[in-house]
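Working notes, beginning with the structure itself.
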Amino acid sequence: MIKKINSETERKIKQAAKEIFLSKWLSWARTREITEKAWVNLALLNYYFWWKDELYNVIMIEILEDFKGTILKMLNNQETSFEEKLESFANSYYESIVANPRVFPFILNILEQDINSVRSKTITKEESVLHSYFAKQYIETTGKNIDDFKEFFINFLWLIAFPIIWAPLFTSLFDFSEKQYHDFLLRRKSLIKKIIPQIY
């Protein structure tokens with residue numbers, strides 16, 4: 001029997017699995033939780049995905065592809081200036097992370113586990129940030145080289161990502177509620193706009 005590609009049932013299974021994997025990751029997620037959340041039985045789950053690891057890999061690749069696609073689309077937009085890309089990237093990154101706070105830690109966990117495997121499955125040399133229109137604009141705007149761009153982009157990402165990566169620590173140290181820290185991250189966007197020109 002041939003599987004129905006992208007059927008409503010498969011979509012429900014993947015959506016349920018995505019929510020559970022994002023909250024518990026692979027080790028702590030249980031197949032039973034996925035079937036209950038998707039309102040399917042185990043036999044139907046196994047019909048579409050042979051085992052939990054296969055389903056996890058599908059979800060992992062989809063999340064990374066969406067993340068990569070959003071970034072590369074923005075960085076390769078030839079209708080926006082270098083400065084506009086910086087602001088757009090920072091705004092979109094923050095809005096995406098704040099709206100989906102579990103996605104970023106999930107991606108970090110994936111990359112930490114097996115970066116080479118992930119890279120081979122999700123990105124080609126041509127899709128590298130180093131080959132983006134943004135990198136070209138950086139060199140043209142600053143007169144610097146590709147090695148300078150690497151350092152700049154890492155500093156740029158770190159400026160945005162640091163308070164998100166360490167959110168559990170900061171909320172504990174400074175007694176932030178979830179809403180207070182959310183508001184802090186949103187306010188921080190204006191600060192980032194002032195700091196960015198200093199790290200060119």
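Quick notes on this one:
- Lone unmet requirement of (1) polar (S, T, N, Q); (2) modelled with pLDDT under 70; (3) farther than 21 Å from Thr70 by Cβ for Asn100: (3)
- Considering the stretch 1-50, and only residues there that are exposed (fewer than 11 other Cβ atoms within 10 Å of the Cβ) and hydrophobic (A, V, I, L, M, F, W, C), the residue that is modelled with the highest pLDDT turns out to be Ala43.
- Failed condition for Leu64, given (1) closer than 16 Å to Gln15 by Cα; (2) assigned by TED's automatic domain parsing to the domain that holds Pro105; (3) surrounded by fewer than 15 Cβ atoms within 10 Å (Cβ to Cβ): (3)
- Residues in the stretch 130-163 that are assigned to a helix (DSSP H, G or I) and of a type in the set (Gly, Ala, Ser) were compared, and the one that is modelled with the lowest pLDDT is Ala161.
- For the stretch 40-64, a residue qualifies if it is touching a helix residue (DSSP H, G or I) at 6+ places or on another chain (Cβ under 7 Å) and not in a helix (DSSP H, G or I), and the qualifying residues are Val40, Asn41, Phe49.
- Within the stretch 153-178, residues that are surrounded by 10 or more Cβ atoms within 10 Å (Cβ to Cβ) and hydrophobic (A, V, I, L, M, F, W, C) reach partners that are modelled with pLDDT of 90 or more and not in a helix (DSSP H, G or I) with beta carbons closer than 8 Å, at six or more positions or on different chains, in the pairs Phe170/Phe176.
- Condition met for Ser92 (assigned to a helix (DSSP H, G or I), at pLDDT below 80 and not assigned by TED's automatic domain parsing to the domain that holds Lys136): no
- Residue within the stretch 108-129 that is at pLDDT 80 or above and in the same structural domain as Thr171 (by TED's automatic domain parsing) present: yes
The values are calculated or read from the model by the stated rules, or taken from the named source; none is laboratory data. This structure is a prediction, so every number in the text was calculated from the model and none was measured. Please note: Cβ atoms are built from the backbone with ideal geometry, for glycine as well, and neighbour counts cover all protein chains shown.
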